[in-house]
Amino acid sequence: LVQDGRGPAAGVPVQVVLRSDVGLRPFQASTDGQGRFTLEELPPGSYFVKAGAGADPFDDAGAPTLTVRPGEVAELPPLTIR
């Protein structure tokens with residue numbers, strides 16, 4: 001869930017970025033009308049998440065992290081954008 005000061009935020013670009021030995025690999029989604037987004041079949045690994053127009057997918061400063069394990073569904077706590 002991506003939210004702003006008014007509640008769920010629709011149409012927000014989200015980047016989930018995989019950290020690997022060969023660098024960073026971003027995956028992109030956009031929130032629906034209720035501020036939710038889904039990315040399916042992400043490779044296992046450690047990710048950081050950036051949301052909002054202009055978010056730099058190569059700067060992980062302050063970004064929430066997510067670990068994706070094989071065969072599991074991973075969920076993030078709500079993200080608040082400014």
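Selection over the stretch 22-64 of residues that are in contact (Cβ under 8 Å) with a residue 40 or more places away in the chain and more than 17 Å from Pro78 (Cβ to Cβ) gives a count of 4. State whether the residues of the stretch 5-21 include one that is in contact (Cβ under 8 Å) with a residue 60 or more places away in the chain and open to solvent by 70 Å² or more (accessible area, probe 1.4 Å). Yes: the stretch 5-21 contains one or more residues that are in contact (Cβ under 8 Å) with a residue 60 or more places away in the chain and open to solvent by 70 Å² or more (accessible area, probe 1.4 Å).
Return the residue satisfying two criteria in turn: it lies in the stretch 22-54 and is under 19 Å from Thr80 (Cα atoms) and among the aliphatic types (A, V, I, L, M), and of such residues it is most open to solvent (accessible area, probe 1.4 Å). Only one residue tops the list, namely Ala53.
Only one of the numbered conditions (1) of a type outside the set (D, E, K, R); (2) modelled with pLDDT of 90 or more; (3) open to solvent by less than 50 Å² (accessible area, probe 1.4 Å); (4) more than 9 Å from the chain's Cα centre (by Cα) is violated by Pro57, and that is (2).
The values are calculated or read from the model by the stated rules, or taken from the named source; none is laboratory data. For clarity, every value in this text was computed on a predicted model and none was experimentally measured. So basically every Cβ, Gly included, is an ideal-geometry build from the backbone, and we count neighbours across all protein chains shown. For accessibility, only protein heavy atoms count, side chains too; no ligands or nucleic acids. Shrake-Rupley method; radii C 1.70, N 1.55, O 1.52, S 1.80 Å.
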